[in-house]
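Participant: Before I ask anything, let me first share the structure, which is written out below as structure tokens.
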Amino acid sequence: METIKQFNDYVMGTYGRFDVVMESGENRVAAAEDGKQYIDFGSGIGVNSLGFCDSDWVEAVCNQVKSIQHTSNYYYTKVQADFAKKLCEETGYSKVFFGNSGAEANECAIKLARKYSFDKYGKGRHNIITLVNSFHGRTIATLSATGQDVFHNYFFPFVEGFRYAKANDIADLADKLDDTVCAVMIELVQGEGGVIALDKDFVSYIFDECKKRDILVIVDEVQTGVGRTGKLLASQNFGVKPNITTLAKGLAGGVPIGACLADETCCDVLGKGTHGSTFGGNPLACAGGLVVLNKVCDREFEKQVNEKAEYLRSKLLEIEAVESLSGMGLMIGITIKGKTAAEACKQCLDKGLLVLTAKEKLRLLPPLNISYEEINKGLEILKNVLSN
Ligand SMILES: Cc1ncc(COP(=O)(O)O)c(C=O)c1O
């Protein structure tokens, strides 16, 4: 309680926090200051892709701390070069820009798309279409890109040049796709918006139409990326290859990171002096990220993620109070009956299970290497909460 009081005295109150002080974690179990343990079905919010303090990850990050923790981006580091190579090779992209968060990765994508168009077509082709109910971050530009009215308060004026098309509505999108548009930016599974996957037809339309008109497609995989949906990238589940993919959250297993990946059409658009980030590509993040990628890109690991997703989903559907599931792989939205998601989330916490909400749904983003034993323990708690 003392920590909580001190915290609230000194930290801005931008989050509705639960009264738990987390102290440590091992495998997929967090421990609070008072010794209480919590099974983790949230990975932070999709960040701890390898659970708490995975031994290979700890070793790599600690070794990196001991050799060089930071240097400015006016110099090179081997670990950033190694991580960039692995990331580009595994995802099939040409080049990457590193930042420190999802919002920063998307800021880079927005700047890149506008400059691509400016370089080729001049002024006036700067509009970016995003989707109603999307979420792209909390900076002024990414809030402007976010297609939810609730975020468009207080902080006026917002950045111009974003239009919101209705998800899965081809006619609405077609109406907005004119010759002032430089990019379409989407989440393939809207995360904060309620774990809702886009229709494949709608996605195909976007890619076909944009290709015809030299409009870049940006896929925000900040939440869906790095194995979360059962493939390294969710776009692989949809059989598409965006010009730009943004990643963050789970990419470095818990160290701040953001990545904006660009294909051969636009990977050289941002030249010297046009973009930057003091901490971007930080050696600790790159060292952690290399361990994450080495594990997540392993075929056997990917197979296990898919098997666990299938198992968890089938067990969830056996719970009486579960009405339906949404999402993909280990990104799971649960529509429940009998109580609100917020109530269920709090009750799970009280009983030792960390879950998330997304709009009116419960949302599960468990660590990708969660064990069956941990899944079963978590399921038991969830079942208990939803049945009472
Ligand atoms: C799809 C998506 N994009 C961007 C962001 C913003 O990421 P960050 O909080 O790291 O800036 C989030 C965060 O939830 C997200 O889910």
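The values are calculated or read from the model by the stated rules, or taken from the named source; none is laboratory data. As the structure is a prediction and not an experimental result, all values here were calculated from the model. Methodologically, a virtual Cβ is constructed for each residue, glycine included, from the backbone with ideal geometry; neighbour enumeration extends over all protein chains shown.
For every residue, the table says whether it meets (1) within 16 Å of the ligand (Cβ to nearest atom); (2) under 30 Å from I140 (Cα atoms); (3) of a type outside the set (S, T, N, Q).
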position: T3; (1), (2), (3): no, no, no
position: Y15; (1), (2), (3): yes, yes, yes
position: V20; (1), (2), (3): no, no, yes
position: A30; (1), (2), (3): no, no, yes
position: K36; (1), (2), (3): no, no, yes
position: L50; (1), (2), (3): no, no, yes
position: E59; (1), (2), (3): no, no, yes
position: K95; (1), (2), (3): no, yes, yes
position: S101; (1), (2), (3): yes, yes, no
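Participant: If you don't mind, there's one more thing I want to ask. Can you tell me which of (1) touching an Asp or Glu at 6+ places or on another chain (Cβ under 8 Å); (2) part of a helix (DSSP H, G or I); (3) touching a residue at least 60 places away in the same chain (Cβ under 8 Å); (4) within 16 Å of the ligand (Cβ to nearest atom) is the one A141 doesn't meet?
Facilitator: (3)
Participant: If you check every pair at least six apart or on different chains, which have Cβ atoms under 8 Å apart with a residue in the range 299-323 that is over 14 Å from I375 (Cα atoms) first and a residue that is of a type in the set (S, T, Y) second?
Facilitator: These pairs meet every condition: I319/S387; E320/S387; A321/S387; V322/T335; E323/T335.
Participant: Let me ask you something else. Of all residues in the range 338-388, which are small (G, A, S), in contact with a Phe, Trp or Tyr (Cβ under 6 Å, 6 or more places away or on another chain) and over 30 Å from D298 (Cα atoms)? If you could, list the steps in order and put the result at the bottom.
Facilitator: Here is the first cut: in the range 338-388, the residues small (G, A, S) are 338, 341-342, 344, 352, 358, 371, 378, 387.
Checking which are in contact with a Phe, Trp or Tyr (Cβ under 6 Å, 6 or more places away or on another chain) leaves us with 352, 378.
G352 - this is the single residue of the range 338-388 that is small (G, A, S), in contact with a Phe, Trp or Tyr (Cβ under 6 Å, 6 or more places away or on another chain) and over 30 Å from D298 (Cα atoms).
Participant: Here's another thing I want to ask about it. Checking the conditions here, which among G250, G225 is closer than 27 Å to L368 by Cα, of a type outside the set (S, T, Y), in a loop (DSSP other than H, G, I, E, B) and touching a residue at least 24 places away in the same chain (Cβ under 8 Å)? Talk me through it step by step, then tell me what you get.
Facilitator: On the way: G250 fails: in a loop (DSSP other than H, G, I, E, B).
Going through G250, G225 in turn, the sole match is G225.
Participant: Right, here's the next one. Among what's in the range 144-167 and is within 14 Å of the ligand (Cβ to nearest atom) and in contact (Cβ under 8 Å) with a residue 24 or more places away in the chain, pick the residue that is surrounded by the most Cβ atoms within 10 Å (Cβ to Cβ).
Facilitator: Of the residues in the range 144-167, the ones within 14 Å of the ligand (Cβ to nearest atom) are 144-148, 151, 167.
Still in the running and in contact (Cβ under 8 Å) with a residue 24 or more places away in the chain: 145, 148, 167.
Values: A145: 30, Q148: 18, A167: 22.
Top of the filtered list is A145.
Participant: Which strands (runs of 3 or more DSSP E) sit wholly inside the range 287-374 and have at least 2 residues that are of a type outside the set (G, A, S) and within 30 Å of G35 (Cβ to Cβ)?
Facilitator: On the way: elements: 322-328, 331-336, 356-358, 361-364.
Result: 331-336, 356-358, 361-364.
Participant: Determine whether the range 306-328 contains at least one residue that is among the basic types (K, R) and either in the same structural domain as A81 (by TED's automatic domain parsing) or under 30 Å from T139 (Cα atoms) (or both).
Facilitator: Taking the range 306-328 first, the residues among the basic types (K, R) are 308, 313, 315.
Adding the requirement that they be either in the same structural domain as A81 (by TED's automatic domain parsing) or under 30 Å from T139 (Cα atoms) (or both) leaves none.
The answer is no, given that none of the residues of the range 306-328 is among the basic types (K, R) and either in the same structural domain as A81 (by TED's automatic domain parsing) or under 30 Å from T139 (Cα atoms) (or both).
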